[in-house]
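Notes follow the structure.
The values are calculated or read from the model by the stated rules, or taken from the named source; none is laboratory data. A quick note: this is a predicted structure, and the numbers were derived from the prediction, not measured. For neighbour counting, all protein chains shown are included, and Cβ atoms are generated from backbone atoms with ideal geometry for every residue, glycine included.
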Amino acid sequence: MGEISFDLAGIFETTFGYRTEAFNPKFNPVIGFGGVGSLARTEFGAFGSEYYADDVLGKEYYMPVKITYSDGGVTIPGLSESVNSGSSNPTANRLKSWNLPYPIISISSRKTIVETPLTERRGTVKELINIQDYEITIKGFIVAAANEFPESEVITLRSVYEQNQALSIQSPLTDIFLLRPDRNGSDQVVIRELTFPPVTGVKNVRPYELKMVSDEPFNVIIIS
């Protein structure tokens, strides 16, 4: 069987409009003090998420993103079964986990600010109302191990998107913004949008884009 060769960085630039070196990381050893030996690299983030994982071709990559959600007993190809929810029916509410393939993450948020003009003075009085939800965008590629269209993985991603419920996301970067005491330590997000941009020149690589929004739990008190 011939070797499969493609340039993910070049495909990313063609698809999304900018260049990234995330697909060609250089994991150079860090030399210790005095030039003796090398320092051990950090394998896990402060909240326990992994900094490194292996892709479908067995190549190590940096900053994986794992999603975990309840599948309601539906079997989806490509996902590994995790633990049951404790229900008496072991297939009623199973948790599934999956490392999103080749993810590039960006996070943004905005503040809601009320600005009130002052009489006979320049400027405004600014009242901070709240910080809006975190918007998480993940751009990446689904890559088949063989030189074929990655149909099973595309079905998996579509099935994850069609879950009409919050899911859990774990990554050293997203953990910093989501696992906060003022958010009750919730890593829940809701997928708002899924896009499969067109790509030419390869058949075993399929770009995708996910847009998510953080989902913070609230306690509702009903006063009768």
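Of note:
- Residue, nearest to residue 100 (Cα to Cα), within region 140-183, restricted to residues that are charged (D, E, K, R) and touching a residue at least 12 places away in the same chain (Cβ under 8 Å): 153
- From 195, 174, 200, residue being modelled with pLDDT of 90 or more, of a type in the set (Ser, Thr, Tyr) and surrounded by fewer than 20 Cβ atoms within 10 Å (Cβ to Cβ): 195
- Applying the criterion of being modelled with pLDDT of 85 or more and not in a loop (DSSP other than H, G, I, E, B) to the residues of region 61-75, the residue that is farthest from residue 23 (Cα to Cα) is 68.
- Unmet requirement for residue 15, which otherwise passes all of (1) part of a helix (DSSP H, G or I); (2) over 27 Å from residue 197 (Cα atoms); (3) modelled with pLDDT of 80 or more: (2)
- Residue satisfying all of: in region 93-126; small (Gly, Ala, Ser) and under 19 Å from the mean Cα position of the chain (by Cα); surrounded by the most Cβ atoms within 10 Å (Cβ to Cβ) among these: 97
- Any hit, region 127-142, residues being at pLDDT below 90 and surrounded by 15 or more Cβ atoms within 10 Å (Cβ to Cβ): no
- Taking region 123-147 as the range and being under 25 Å from residue 194 (Cα atoms) and part of a strand (DSSP E or B) as the test, the residues that pass are 131, 135, 136, 137, 138, 139, 140, 141, 142, 143.
- Pair list, Cβ < 6 Å and 6+ apart or interchain, from region 184-207 residues that are within 18 Å of residue 101 (Cβ to Cβ) to residues that are in a strand (DSSP E or B) and modelled with pLDDT under 90: 205/143
- Every condition in (1) assigned to a loop (DSSP other than H, G, I, E, B); (2) at pLDDT 90 or above; (3) surrounded by fewer than 16 Cβ atoms within 10 Å (Cβ to Cβ) is met by residue 87 except one, and the failing one is (2).
- Some residue of region 137-145 being over 15 Å from the mean Cα position of the chain (by Cα) and under 21 Å from residue 20 (Cβ atoms): yes
- Residue in region 170-178 that is of a type in the set (Val, Ile, Thr) and more than 20 Å from residue 49 (Cα to Cα) present: no
- Checked against (1) over 30 Å from residue 42 (Cβ atoms); (2) touching a helix residue (DSSP H, G or I) at 6+ places or on another chain (Cβ under 8 Å), residue 136 meets all criteria but (1).
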